[in-house]
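The numbers here are math on the coordinates, done by the rules we state, and not lab data. Computed from a predicted structure; not experimentally measured. Note that each Cβ is placed from the backbone with ideal geometry, even for glycine, and that neighbours are counted across all protein chains shown.
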Amino acid sequence: MDDLAGKPEKVVCVNRKARFDYEIMETVEAGISLLGTEVKSLREGRANILDGFASIEDGEIFLYDAHITPYPKGTHSNHEAKRVRKLLLTKREIKKLTGKTAEKGLTLIPLKIYFRGPWAKVELALARGKRSYDKRETIKRKTAQREMERALKQRR
């Protein structure tokens, strides 16, 4: 049984640009292997995953370019900001993701880092990069939706 199923999430950081730059196929929740000062820094909300990506190497998944600011009250044993971090998934999930990332153009990107109970988690997305015309279509759709909502609000 999962005791954390009903626990609320405390979101640390979100990759807002990911949904604009990528077409999200599916998402997976993974644990993160962190050092003590990294956890303290995350609890203060000092992280950035804008440039981050995940890679599968030798049957393990690693998170690259995720910036967790060094803890200000840390000692000489403080962590590096852009250190490679191991992600924790089951073997079955890793095999499934390995098969899917072998397809042309698919990559793993982090969407958000959050705490569920005492555990730090990252939401990974299996994604395909959008072309510039796809991005323009997304902007048009958002603008049209915003204008419809504005018109309905004025009507009331």
The long-range amide H neighbours of Leu111, using H built 1.01 Å from N in the peptide plane and a cut-off of under 5 Å, are Glu123, Leu124, Ala125
Counted neighbours (other Cβ, 10 Å), sorted fewest up, put Phe20, Phe115 in the order Phe20, Phe115
Could you run the Karplus curve 6.51 cos²θ - 1.76 cosθ + 1.60 with θ = phi - 60° over region 62-73 and give me ³J(HN,Hα) per residue in whole Hz, x for Gly and Pro?
10, 9, 10, 6, 8, 9, 10, 4, x, 5, x, 9
Over the chain, the quotient of the Cα radius of gyration and 2.2 N^0.38 Å is 1.22
Pull up all non-local amide H partners of Trp119: gap of 5 or more, or a different chain, and H-to-H distance under 5 Å with H placed in the peptide plane.
none
How far is the Cα center of region 84-123 from the Cα center of region 40-70, in Å?
11
Using Cβ contacts closer than 10 Å as the measure, can you line up Glu38, Glu123 from fewest to most?
Glu123, Glu38
Calculated FRET value between Lys135 and Thr90, using beta carbons and R₀ = 30 Å, to 0.05:
0.30
Residue by residue through region 106-122, the couplings from Karplus 6.51 cos²θ - 1.76 cosθ + 1.60 with θ = phi - 60°, in Hz, x for Gly and Pro, are 9, 9, 9, 10, x, 9, 7, 10, 8, 10, 10, x, x, 9, 7, 10, 10
CD proxy at 222 nm, helix term only [per DSSP H run n ≥ 4: -39500 (n - 2.57); per residue of the chain; nearest 500]:
-9500 deg cm²/dmol
How would you order 129-139, 52-62 from highest to lowest mean count of nearby Cβ atoms within 10 Å?
52-62, 129-139
Please identify, among Pro70, Pro110, Pro118, the residue showing maximal mean-square fluctuation in a Gaussian network model of the chain using a 10 angstrom Cα cutoff.
Pro118
